[in-house]
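Shown next, in structure tokens, is the structure this report addresses.
Just so you know, all these numbers are worked out from the coordinates, no wet-lab data involved. Remember, it's a predicted structure, so these values are computed and weren't measured experimentally. Counting neighbours? That spans all protein chains shown, and the Cβs are built from the backbone with ideal geometry, glycine included.
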Amino acid sequence: MSVPTISHAPEQVAASPELPDVLPPIRIRHGMTGFLYRYPTIAFGGALLFLLILIAVLAPVLWTVDPTALAPARRTRPPSAQFWFGTDMLGRDIYSRVLYGARVSLTVGFCVAILASMAGLVIGLVSGFVRWADGLIMRMMDGLMSIPPILLAVALMALTRASVSNVVVAITIAEIPRVSRLVRGVVLSLREQLYVEAAVAAGTRTPMIILRHILPNTLAPMTVQATYICASAMIVEAILSFIGAGTPPTTPSWGNIMAEGRALWQVKPYIVFFPAAFLSTTVLAVNLLGDGLRDALDPRLTSRP
């Protein structure tokens with residue numbers, strides 16, 4: 001009986017070509033390029049906000065003059081090579097006033113965001129985790145939220161003198177309920193998790209549970225909320241100054257500049273246009289940064305490679 005042998009394929013037979021990939025290969029971007037590709041809103045908003053902060057800090061060396069210097073002989077001059085943004089009704093340089101006004105708006109926005117976030121975080125943690133205090137605290141927050149922020153800030157400013165610090169305090173009190181309700185909602189969902197119940201069953205004290213298990217999980221949504229509060233605070237400050245209930249008239253702020261130029265809006269629109277453009281750009285930068293942080297910090301959103 002003959003044993004079958006394995007015959008080799010002839011050399012003339014060519015190998016089959018490799019099949020192309022169904023999906024193109026994934027290019028993983030690293031470093032700054034990858035960050036810009038994954039989070040373009042954070043990059044653009046952060047760069048724009050950083051530029052505005054530099055303008056506010058370096059205002060004295062950016063070819064500015066005294067923003068409060070009066071010169072009646074050159075009032076209501078249109079924009080030119082000498083006066084880039086023109087002059088107002090008292091002859092003050094609008095370019096200098098706008099750049100110095102960035103300090104007021106950014107200071108108010110950042111201070112209100114930090115103070116309201118800290119106070120709202122404490123209130124939200126206590127209200128969400130301590131059951132017996134939840135009803136009392138939240139009813140107080142509901143009472144504050146029932147009053148429009150502008151009206152509440154105006155009422156508080158009426159009881160004090162006009163200053164930047166009082167504006168910060170007034171807007172902060174109006175913004176605290178937003179953060180406290182957000183943190184409370186996060187805490188209510190976290191305290192029902194198994195690891196929190198296990199910590200309670202193990203006898204861990206309430207302050208330690210809050211610091212170790214609850215607080216770290218509230219920082220991401222609170223950070224995003226802080227950016228929106230910052231933008232809202234700058235708008236509220238401009239509104240208060242515009243209606244004469246905010247910073248003193250002698251302080252160069254965007255709201256004061258627009259308030260002084262509203263009487264000449266139809267014939268000298270540049271007096272209102274330039275501070276309004278800077279205010280809109282700043283709010284846009286902060287909102288873009290907040291949207292990007294929301295996408296980056298939310299684990300439910302898939303990020304691009």
- Query: Of all the residues that make up the range 264-281, how many are aliphatic (A, V, I, L, M) and assigned to a loop (DSSP other than H, G, I, E, B)?
  - Reply: 1
- Expected output for the range 230-251 (first residue more than 22 Å from S96 (Cα to Cα), partner among the acidic types (D, E), Cβ below 9 Å, 6+ apart or cross-chain) is S232/E175; A233/E175; V236/E175
- Note on the structure: Note on the range 186-229: residues aromatic (F, W, Y) and within 25 Å of the chain's Cα centre (by Cα) are Y228
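Residue by residue, here is whether (1) surrounded by 19 or more Cβ atoms within 10 Å (Cβ to Cβ); (2) farther than 20 Å from P79 by Cβ holds:
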| position | (1), (2) |
| --- | --- |
| V196 | yes, yes |
| A201 | no, yes |
| T204 | no, yes |
| P216 | no, yes |
| A233 | yes, yes |
| I257 | yes, no |
| V267 | no, no |
| P275 | yes, no |
- Query: Under 7 Å by Cβ, and 6 or more places apart or on different chains, what pairs join a residue from the range 119-143 that is free of Cβ contacts under 8 Å to residues at least 12 places away in the same chain with one that is in a helix (DSSP H, G or I) and surrounded by 14 or more Cβ atoms within 10 Å (Cβ to Cβ)?
  - Reply: V126/I137; A133/V126; A133/S127
- Query: Among the residues of the range 126-137, is there at least one that is within 24 Å of the chain's Cα centre (by Cα) and either among the aliphatic types (A, V, I, L, M) or closer than 24 Å to E192 by Cα (or both)?
  - Reply: no
- Criterion (outside any helix (DSSP H, G or I) and either in contact (Cβ under 8 Å) with a residue 60 or more places away in the chain or within 20 Å of L219 (Cα to Cα) (or both)) met by exactly one of E192, E175: E192
- Note on the structure: Checked the range 134-148 for anything loosely packed, with under 13 Cβ neighbours inside 10 Å and in a loop (DSSP other than H, G, I, E, B); matches are S146, P148
